[in-house]
Amino acid sequence: MCTPREPSTSSELVILPVSRAVRRIAAGYLDKAGSACVRLADPEDQEALHDFRVALRRFRSIARAYKPYIRDCLPKKLRRRVKDLASGTGVARDAEVQLAWLNDQRGQARPHELPGYLWIIGRLEARLDEEYEDIRANLPGRFRRLQDRLAARLALDYDDTSPPLGEVAAELLLETGETLRGHLEQVHGQADEEEIHQARITTKRLRYLLEPLAPELDKGKALVKELKVLQDIMGEIHDTQVLGAELSQAAEEAGAERLRRLIDLSLRLPHDDPQVEAARRNDERPGLLSLARDLQEREQDLINRLLGYLGQGDLGRFLDRLEEAAAELRRLAVPAPEAEDKDGEEGSSAGS
């Protein structure tokens, strides 16, 4: 499988024609996805799926951002196949994140709440097992076939007259930064769910634009770090909202399941039978309600952290530094003139 060679430094990337530079970056992400895909076979590797998804997300983000320059190399059909492959792993990753939070909360459950905790954990564990069975059976083969096609396309030699990556990236950073400003300026509280969602997506895109170039910028790594903090806050807000929807659905199903269980026992046993009494006590709803309250408090705490960031003017200062980084990229994109041969000049002067 042939892939474009990795650039020796990010400074080399900055001055390369954007089409060629992006193909190199994308090939690197594709290789990382391939390595993570192999690790999926190991049930003890709890980060393999996350690493696979992140590598594909970076690949898709870079392909989307620079689409005008790599359209011939990565046509829409291939980009859609990458998206479909990544989407097929979302349910499993959501379940992993949700189970991590629920297992942390489980230790503080009161005795009457424990049935609800155990019920929702069992439900998600069963879902995760089912998803992983499908992923391990089908995803590696699908990905390898797609990886071969993508790598071959990325390795093609194009007649490239596109502008340098640094020049194009600088403009994209500024545009994406302004998009982020537009979304975050509309966030005033928990009700602004859609603006937070769009800001989270934009933050990811901005981070993935900046990361390959950050080592060459004076404040590049600090900017990436700040974007990661912001992304983590909004990502956790998103996770609480997804789990909240799961709890609502779970409560409906738990209530119906409990009622069916009670009716079945009541049809067969006297109302004071120990099994009937135990079924009445074994109620999942208090635990689910407790989790919902904890989740709401968690979301509000995260919203307050986000509002604190915005209220202190941190966003404006970040965007100022981003503008400086864009200007620095433009300067770096212009190759330094080759040094003149001083010895040759001196020889010419002496001979004249």
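Only residues that are surrounded by fewer than 14 Cβ atoms within 10 Å (Cβ to Cβ) and either closer than 30 Å to ALA100 by Cα or charged (D, E, K, R) (or both) were counted in region 150-170, giving 3. Can you name the residue in region 216-230 that is among the aliphatic types (A, V, I, L, M), in a helix (DSSP H, G or I) and surrounded by 15 or more Cβ atoms within 10 Å (Cβ to Cβ) and, of all such residues, is farthest from the chain's Cα centre (by Cα)? The selected residue is LEU223.
Within region 92-120, can you find the residues that are of a type outside the set (D, E, K, R) and touching a Lys or Arg at 6+ places or on another chain (Cβ under 7 Å)? Steps first, please.
Here is the first cut: in region 92-120, the ones of a type outside the set (D, E, K, R) are 92, 95, 97-103, 105, 107-109, 111-112, 114-120.
ALA95, GLY116, TYR117 - these are the residues of region 92-120 that are of a type outside the set (D, E, K, R) and touching a Lys or Arg at 6+ places or on another chain (Cβ under 7 Å).
Checked against the criteria, LEU180 counts as over 30 Å from ALA251 (Cβ atoms), outside the structural domain of ASP72 (by TED's automatic domain parsing), surrounded by 14 or more Cβ atoms within 10 Å (Cβ to Cβ) and out of contact with any strand residue (DSSP E or B) (no Cβ under 6 Å at 6 or more places or on another chain).
Does region 114-130 contain at least one residue that is within 30 Å of LEU206 (Cα to Cα) and either surrounded by fewer than 18 Cβ atoms within 10 Å (Cβ to Cβ) or under 22 Å from the mean Cα position of the chain (by Cα) (or both)?
Step one: filter region 114-130 for residues within 30 Å of LEU206 (Cα to Cα), giving none.
For region 114-130, residues within 30 Å of LEU206 (Cα to Cα) and either surrounded by fewer than 18 Cβ atoms within 10 Å (Cβ to Cβ) or under 22 Å from the mean Cα position of the chain (by Cα) (or both): absent.
So, SER19, is that one assigned to a helix (DSSP H, G or I), under 16 Å from THR89 (Cβ atoms), hydroxyl-bearing (Ser, Thr, Tyr) and over 15 Å from the mean Cα position of the chain (by Cα) or not? No. With respect to the conditions (1) assigned to a loop (DSSP other than H, G, I, E, B); (2) touching a Leu at 6+ places or on another chain (Cβ under 9 Å), THR161 falls short on a single one, namely (2).
The values are calculated or read from the model by the stated rules, or taken from the named source; none is laboratory data. Keep in mind the model is a prediction, meaning the values are calculated, not measured. Glycine gets a Cβ as well: all are built from the backbone with ideal geometry, and neighbour counts include every protein chain shown.
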